[in-house]
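Colleague: Okay, here's the structure, questions in a sec.
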């Protein structure tokens, strides 16, 4: 298990907002299904004392921490307040901070991630769907119905594309250990490198599906630093240069980070790369049987 | 969003970095008033939003006598298809040496990366490939407002000591202006001192509001229309229009079109929880692209309601064929609504894309 399990108590920041309320409900449905603790506290400044789906809301993270044993958090606050939320949680000592919020200015993210690192916290995201370990814990917004428990880890910069791949894996009878959406921004807390390190120390994970896209070179960096068998897929082979493809981080700039050169570098390092999502299950099966 | 050269130079000047004397003109006649201040040697630079404008004829040398006529010539030109509406007229510098200085966001370290080389004035990507050891690299901590002196010493090396405060000033620009890139290329030494001969600043699109920009000039009209509805949109030039939810899935749909031998007309990510009105606007927007013959809708997700999506597609009432792949809540109802109206629905993204490619072949 990586970044937490069914015993992890979760805090939600932005608990009383539309998104926060909706997803507290879904996360706690999942927790009930798997016998986990789920969301134990919410935080919205000025709304302390309220309840959301029976979960107590506090004004500050520190207040919530003094009443509950909390190991992780999920952030749903607007872009202008999200970096502050990350720092508040890191300062309070939360180990895993999942930030769903999109459109946070990069400089805010850089500062918040640097601060979290000083405090010893891991930030997943921002601009991500969070993570889900089937049968254990859901921290974020992934649709749990598509997942099944097993031995394949998934790391992805996307949301819906991850669901597509997880759906394909589940239909093919390939279960997942943990599925982590690391986020579509240029600066994110946990990169492919960091999550692969976690998977390496996780006895349940025997292979990893790495779903990348145009922009940067962190897919290749990650694949180079692990011994785990990997199947990769890179989206954006048809992406024109200097255009942001939906994600702030999905951009080919200065002739770097294009899909073809990423795929070539991954293949050079011995990583099989799928040319479309529907090929992934067969390629994963081949990793296991070695044929 | 990329700032134009004169805007970037105004920004760095405010932060105390010396730039050559210069004036922005909109007609050649305006130049006459500035000739005294510019001196005898003048450079005229077209302010167009394209790279490589020098090689495309967008930068012309002149002297006091020829300046107005040269500006007239430049205003008549098109640089890579763009009309010249503004020219930055600058004093030409007596350059002794050219340096390169840039600050970017480094994805790997998640921190600012400062690059400095004594081999400036040329394409930095070429130097990076041919002589990488000539580029000095320092990673800074974004929580510090100033670079510590040792970092400045590491970067500047044997370059004149006036360069060190300039590096720190550009770092301040980078932090305070929400820059994704702050670059001075070349940074030059002259008998009169050190100057930024050119400057480039790219401001984070997610910080345009707090930096005082109301529109993103990098967007085309249709991209701006898309932004109003909260869509991410990029125009390509094929025959197959694409609407997806989520950037990765939409990109993957475009790639699949290429895989099956077709050409996509656009990228459009409608975002999460698409309701019928949003879907209607998305379909109409894509249908308005002149090259579009068929539209692929590929929507997947827990919170996307398929009946809402179906209603949006039907309400759009466009003339082109729409082929749909939908998975999520209320899937059966969505399928019923669409098949009732004669729309084609297929269960996987491979199948919808294959079908669209067949239709356009």
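Colleague: Please say if segment B:97-207 is rounded, prolate or oblate, where rounded means a/c under 1.5 for a ≥ b ≥ c the square roots of the C-alpha gyration tensor eigenvalues, and otherwise the choice is prolate for a/b larger than b/c and oblate otherwise?
Modeller: On the way: a/c = 1.41, a/b = 1.31, b/c = 1.07.
Since a/c stays below 1.5, the shape of segment B:97-207 is classed as rounded.
Colleague: Enter the mean number of other protein chain beta carbons within 10 Å of the beta carbon of each residue in B:253-261, as an integer.
Modeller: Details: counts 5, 6, 12, 7, 1, 3, 4, 1, 0.
Across the residues of B:253-261, the mean count of other-chain Cβ atoms within 10 Å is 4.
Colleague: Mind sorting A:118, A:245, B:349 by how few other Cβ atoms lie within 10 Å of their own Cβ, fewest first? Provide the component values of the computation, followed by the final result.
Modeller: Numbers: A:118 12, A:245 27, B:349 22.
Going from least to most buried by this count: A:118, B:349, A:245.
Colleague: Give the shape of chain B as rounded, prolate or oblate, defined through the alpha-carbon gyration tensor: a ≥ b ≥ c are the square roots of its eigenvalues, a/c under 1.5 means rounded, and otherwise the shape is prolate if a/b is larger than b/c and oblate if not.
Modeller: Numbers: a/c = 2.85, a/b = 1.96, b/c = 1.46.
Since a/c reaches 1.5 and a/b is larger than b/c, the shape of chain B is classed as prolate.
Colleague: Using a simple spin-label model with points 7 Å from Cα along the Cα→Cβ vector, what separation in nm is obtained for residue B:131 and residue A:144?
Modeller: 6.1
Colleague: When the Cα centres of segment A:256-282 and segment A:177-220 are compared, how far apart do they sit, in Å?
Modeller: Here the two parts' Cα centres lie 15 Å apart.
Colleague: Could you please rank A:225, A:128, A:99, A:289, placing first whichever residue has the fewest other Cβ atoms within 10 Å of its Cβ?
Modeller: Details: A:225 12, A:128 30, A:99 33, A:289 6.
Fewest-to-most ranking of A:225, A:128, A:99, A:289: A:289, A:225, A:128, A:99.
Colleague: Taking a label point 7 Å from the Cα of residue B:109 along the Cα→Cβ vector, which residues of segment B:138-157 have an amide N closer than 15 Å to it?
Modeller: Those under the cut-off are B:138-156.
Colleague: Let me ask something else about it. Quickly work out the residue B:340-to-residue B:176 label distance, labels modelled 7 Å from Cα along the C-beta direction, and quote it in nm with one decimal.
Modeller: Spacing of the two 7 Å Cα→Cβ label points: 6.2 nm.
Colleague: Based on the alpha-carbon gyration tensor of segment A:25-132 and its eigenvalue square roots a ≥ b ≥ c, which shape applies: rounded if a/c is under 1.5, prolate if not and a/b is larger than b/c, or oblate?
Modeller: Note, shape of segment A:25-132 comes out prolate.
Colleague: Here is a follow-up. What ranking do B:127, A:60 get, fewest neighbouring Cβ atoms within 10 angstrom at the top?
Modeller: Values: B:127 17, A:60 13.
Starting with the residue having the fewest Cβ neighbours, the order is A:60, B:127.
Colleague: Please average, across the residues of A:270-282, the number of beta carbons from any other chain that are within 10 Å of each residue's own beta carbon, and give a whole number. The partial results should precede the final answer.
Modeller: On the way: counts 0, 0, 0, 0, 0, 4, 8, 9, 5, 1, 0, 0, 0.
That works out to 2 on average.
Colleague: Here's something else I'd like to know. So what's Rg/Rh here for the protein assembly as shown, counting alpha carbon atoms and using the Kirkwood radius for Rh? Please report the intermediate quantities before stating the final value.
Modeller: Numbers: Rg = 26.4 Å, Rh = 26.5 Å.
On the Cα set of the protein assembly as shown, Rg over Rh gives 1.00.
Colleague: Between segment B:275-295 and segment B:73-105, what's the alpha-carbon centroid distance in Å?
Modeller: A separation of 39 Å, based on Cα centres.
Colleague: Quick check: Cα centre of segment A:46-70 to Cα centre of segment A:136-172, how many Å?
Modeller: Each part reduced to its Cα centre gives a spacing of 29 Å.
Colleague: Let me ask you something else. Using alpha carbons only, how many degrees (0 to 90, rounded to 10) separate the axis of helix A:106-119 from the longest principal axis of chain A?
Modeller: Taking Cα atoms only, the helix is inclined about 70 degrees.
Colleague: Please find the FRET efficiency linking residue A:32 to residue A:151, where r is the Cβ-Cβ separation and R0 is fixed at 30 Å, and quote it to the nearest 0.05. Working shown, then result.
Modeller: Details: r = 25 Å, r/R0 = 0.84.
That pair, residue A:32 with residue A:151, gives E of 0.75.
Colleague: For the ranges B:37-43, B:109-115, what's the packing order if you count other beta-carbon atoms within 10 Å of each residue, average per peptide, and put the highest first? The partial results should precede the final answer.
Modeller: Working: B:37-43: 16.7, B:109-115: 19.7.
For the peptides B:37-43, B:109-115, the packing ranking is B:109-115, B:37-43.
Colleague: How tilted is helix A:160-171 with respect to the longest principal axis of chain A? Cα atoms for both, answer in degrees (0 to 90, nearest 10).
Modeller: Around 70 degrees separate the two axes.
Colleague: FRET efficiency for residue B:318 and residue A:268, Cβ-Cβ distance as r, R0 = 56 Å, nearest 0.05?
Modeller: Values: r = 45 Å, r/R0 = 0.80.
FRET efficiency, residue B:318 to residue A:268: 0.80.
Colleague: Same structure, new question: When the scattering of chain A is computed by the Debye formula from its Cα atoms alone, each counted once and equally, what is log10 I(q)/I(0) at q = 0.08, 0.12 Å⁻¹?
Modeller: -0.32, -0.71
Colleague: Is it possible to state the helix-based mean residue ellipticity at 222 nm for chain B, with each DSSP H run of 4+ residues giving -39500 (n - 2.57), the sum divided by total residues, to the nearest 500 deg cm²/dmol? What is it? Could you put the intermediate results ahead of the total?
Modeller: Values: 12 runs with 119 residues, N = 361.
Computed mean residue ellipticity for chain B: -9500 deg cm²/dmol.
Colleague: Who wins for biggest fluctuation among B:332, B:197, B:265 in a Gaussian network model of chain B, springs between alpha carbons below 10 Å?
Modeller: Highest fluctuation of the listed residues: B:332.
Colleague: With both partners inside chain A, how many of the DSSP beta bridges are antiparallel, as a percent to the nearest 5?
Modeller: 20
Colleague: Set the Förster distance to 22 Å, then compute FRET efficiency between residue B:77 and residue A:261 from the Cβ-Cβ distance, nearest 0.05.
Modeller: On the way: r = 35 Å, r/R0 = 1.58.
That pair, residue B:77 with residue A:261, gives E of 0.05.
Colleague: Helix A:79-92 versus the longest principal axis of chain A: what angle, 0 to 90°, nearest 10, using Cα atoms?
Modeller: On a 0 to 90 degree scale, this one is about 80.
Colleague: If each DSSP helix of 4+ residues adds -39,500 (n - 2.57) and the sum is divided by the residues in chain A, what number results at 222 nm, nearest 500 deg cm²/dmol?
Modeller: Working: 9 runs with 100 residues, N = 291.
My calculation for chain A gives -10500 deg cm²/dmol from helical runs alone.
Colleague: Using label points projected 7 Å from each Cα along Cα→Cβ, tell me how many nm separate residue A:221 and residue A:60, to one decimal.
Modeller: 3.5
None of the figures in this text is laboratory data; all of them are computed from the coordinates on show. From a predicted model like this one, the values you see are computed outputs, not experimental measurements. Neighbour counts run over all protein chains shown; Cβ positions are idealised from the backbone, glycine included.
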